[in-house]
Amino acid sequence: MQFIIKNIEDWQEVVDKIIPDVKHNILLLKGNLGAGKTTFTQFLLKNLGSQDEVNSPTYSIVNEYTTPKGKIYHFDLYRLKNIEEVYDIGIEEYLDNAFLCIIEWPEVYEEELYGLKYHTMSIVNTGDEREISFE
């Protein structure tokens, strides 16, 4: 799926179209700084029924949210330098016990997902708009 975001309200349309297609419990979010990864996550969690305040996990590495369907873990792996640091945060346990794991900056961990089913969303900030692809 492809989308163009021109204003913040457009994120709702993206979420509305993506939610029925989320079949796996891992969602990788790729995009440069300020692309809208956390904004997308805010809209997604609200639509999944979370009452929690959604913030970027840049410094905490992982944030936990509650939804009627189960726990959602939101990761930001930007500051992690290698796969050992990813394992040190216990990512496998989170993946095993989550309704959904949203992973920003997944590149350091992506090879370890080989053989698992997951979705990928890429967000490209072109200045005036965001170009989004979801698979």
Could you give the nm distance between label points at residue 55 and residue 107, where each point is 7 Å from its Cα heading toward the beta carbon?
2.7 nm
Hey, what does the equivalent ellipsoid look like for the chain, semi-axes from the Cα gyration tensor as sqrt of 5 times each eigenvalue, largest first, whole Å?
22, 17, 14
Per DSSP, the loop-located GluC sites (Glu not before Pro) within region 89-127 having at most 10 other beta carbons within 10 Å are none
Number of Lys pairs in region 2-134 closer than 23 Å at Cα, excluding neighbours under 8 places apart unless interchain, is 28
Given the options 25, 4, 115, identify the residue whose Cα lies farthest towards the positive end of the charge dipole of the chain (+1 on Cβ of Lys, Arg; -1 on Cβ of Asp, Glu).
4
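Every read-out reported here was derived from the displayed coordinates using simple, explicitly stated rules and does not represent laboratory data. In this text the structure is predicted, and so the values were computed from the model without any measurement. Backbone-built Cβ (ideal geometry, glycine too); neighbour counts: all protein chains shown.
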